[in-house]
């Protein structure tokens, strides 16, 4: 759902106030750290106690965006809309709030650590700075509005002490993909980048496709064109065919475009195509920054899905109802 409107001066002023209220500061002095809470302005359309937005960024690998409504009537259908660019006045639906229990609480949450894609496919929540955000009923009624807090981008990737880390980015399926979907499930694609002990891995997966396709991955070459990364291999899946491609430097595989590190490809557009050029899904390579090569440790990267480096999971903040309180800091073992 898309809404067009003028962003009035009051809304712009709210963004300035939010920025002046510490939005650009990294909590606890940690580079790249942002922890912000923004209260929505209630329009009075729906009776509620409060609505608020939470923005947390520990690193590019550990970002969270949450919108929460409390004390509202039960049985509502609510969605979150956001400007496609700051000041554009064009608001696009980016998610739906799920009702929790029978107390009138609704919540929408994205976490990059869990593989959730940020709105509009941005790599850093800072790219959403100053954009108008609305909560609307699915009939279009404006329930509450706010402005996304403003803060600086970060280059902190979330890699561990030896440069280890993992990032996952979800792709957006195109309209053409529906013709090749298996059953009622939508085509789903994602890319994973990993580093462990100086070795790197790129993995691209596509699920819920029909069998017998020739599926390819292409990456932007930096000069307006695309270069072939490789052909995805098909394997059987309960919900149709799954196609995948793995590139592992540990096994001598060259990285796309001949780069020395996946960090050089951060932010590049990736397309999943059929052999005839039909684009099924698009996304961007996440920003797994450069880390030290070779730690002298005993392992390399495993080939299986369960071989991810566990360093991303330390100190993860669970949704226990207390995490919205600004008074507490997170675990010191985030990194």
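I need a count of the residues in the stretch 231-264 that are closer than 30 Å to residue 183 by Cα and modelled with pLDDT of 90 or more.
Residues flagged as closer than 30 Å to residue 183 by Cα and modelled with pLDDT of 90 or more within the stretch 231-264 amount to 10.
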query: What is the number of the single condition among (1) in contact with a helix residue (DSSP H, G or I) (Cβ under 7 Å, 6 or more places away or on another chain); (2) assigned by TED's automatic domain parsing to the domain that holds residue 244; (3) crowded, with 19+ Cβ neighbours inside 10 Å that residue 199 does not meet?
result: (3)
- prompt: Right, residue 228: at pLDDT 90 or above, under 16 Å from residue 277 (Cβ atoms) and in a strand (DSSP E or B) or not?
  reply: yes
- prompt: Looking at the stretch 50-65, is at least one residue without any contact (Cβ under 8 Å) to a residue 24 or more places away in the chain and exposed (fewer than 14 other Cβ atoms within 10 Å of the Cβ)?
  reply: yes
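The values are calculated or read from the model by the stated rules, or taken from the named source; none is laboratory data. The model shown is predicted, which means the values in this text are computed figures rather than measured ones. For neighbour counting, all protein chains shown are included, and Cβ atoms are generated from backbone atoms with ideal geometry for every residue, glycine included.
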